[in-house]
Amino acid sequence: MSLTSAATLATLDRTGPRRITDLAVVEGVTQPAMTALVRVMEESGLVERRGDASDKRVTLVCLTEAGASYVRTRHQAGVHAFERLIGELTGDEVEALVAALPALKHLADLESQDREGPKR
């Protein structure tokens, strides 16, 4: 799976259903590229398109259960990888990481706000 596909699934998991145009902006690709990507993920059973109850002209891209499961599995694999790596650090290095956590969380929050843009 491409990084853009994985990032798109993660965005949908974090923010809920989105328009293709919104996903394209968030992921930094063109609308035609996102449309093609969504089509492939739809054929793979990872996403589905649904109408928007508040605006019948709009189609939203939504995670399927298979897509949500994929995101959870990737997230858990990343957690396990970091646990293993952190286990190899010295006590001083672990303390330095713990001290840096507030700043790292703030960076992640800022990046998330930039990527997600306005919610619909």
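Any residue in segment 90-107 that's without any contact (Cβ under 8 Å) to a residue 60 or more places away in the chain and open to solvent by less than 60 Å² (accessible area, probe 1.4 Å): show its pairings with residues that are in a helix (DSSP H, G or I) and not small (G, A, S) at Cβ separation under 9 Å, as long as the two are six or more apart or on different chains. Here the result reads V94/I86, each pair linking segment 90-107 to a residue that is in a helix (DSSP H, G or I) and not small (G, A, S). Set side by side, the residues V26, V40 differ, and just one is part of a helix (DSSP H, G or I), closer than 22 Å to R72 by Cα and over 14 Å from the mean Cα position of the chain (by Cα), which is V40. Number of residues in segment 54-77 that are part of a helix (DSSP H, G or I) and in contact with a strand residue (DSSP E or B) (Cβ under 8 Å, 6 or more places away or on another chain): the value is 2. Residues in segment 2-19 that are at pLDDT below 95 and β-branched (V, I, T) were compared, and the one that is surrounded by the most Cβ atoms within 10 Å (Cβ to Cβ) is T11.
Looking at the structure I just gave you, is G45 out of contact with any Gly (no Cβ under 6 Å at 6 or more places or on another chain), under 20 Å from T21 (Cα atoms) and not aliphatic (A, V, I, L, M)? No, not satisfied.
The values are calculated or read from the model by the stated rules, or taken from the named source; none is laboratory data. All values derive from a computational prediction rather than experimental measurement. Using ideal geometry, Cβ is built from the backbone for each residue, glycine included, and neighbour counts are taken over all protein chains shown. Remember, those area values only see protein heavy atoms, side chains included, never the ligands or the DNA or RNA. Shrake-Rupley method; radii C 1.70, N 1.55, O 1.52, S 1.80 Å.
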